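Just so it is clear, none of the values below were taken in a lab; they were calculated from the coordinates. As the structure is a computational prediction, the values presented were derived from the model and not from experiment. Counting neighbours? That spans all protein chains shown, and the Cβs are built from the backbone with ideal geometry, glycine included.
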Amino acid sequence: MASTLPRPGQPVRGSKTGKPIMALFDLLGRTWALGTVWQLSTGAMTFRELQAACGMVSPSVLNRRLKELMASGLVERAERGYQLSEAGRELFALLQPLGGWSETWADRIAQTEVDDGQPI
């Protein structure tokens with residue numbers, strides 16, 4: 001798995017240079033990676049709780065994401081399953097404002113569709 005894990009300084013999806021931000025985007029762009037971070041922001045969860053919170057993601061995908069997020073230092077084992085590490089909590093603090101922004105953005109799109117009478 002180590003060879004497929006996005007690492008700063010190594011070529012990653014979308015970047016031949018492997019700039020740290022591109023490595024992060026590669027990691028978080030994987031199926032259920034960002035969703036896993038988002039769900040764990042509320043606190044530790046068991047595997048089954050996390051699976052249910054993520055819309056019943058397949059166990060193999062969730063297991064792979066958890067391994068990658070742990071290897072990247074964003075998630076760690078907890079007494080009660082999994083939780084964000086300190087780095088994971090720092091990342092979530094930076095991502096959280098995007099949640100509010102995305103609501104405003106969704107409202108704008110919906111309003112544009114109403115005004116134009118056509119979906120974008």
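General remarks:
- Measuring how big region 1-78 is from its alpha-carbon positions, Rg and Dmax come out at 12.8, 37 Å.
- Spread of Cα-to-Cα distances over 10 Å intervals beginning at zero, given as percent, for region 31-116: 17, 43, 23, 13, 4, 0
- Net charge, Ala33 excluded, C-beta distance under 10 Å - Lys, Arg +1, Asp, Glu -1: +1
- Footprinting exposure proxy ranking of Arg80, Arg64, fewest other C-beta atoms within 10 angstrom first, gives Arg80, Arg64.
- A straight chain from Leu94 to Ala52 at 0.36 nm per residue would run longer than the Cα-Cα distance by 12.6 nm.
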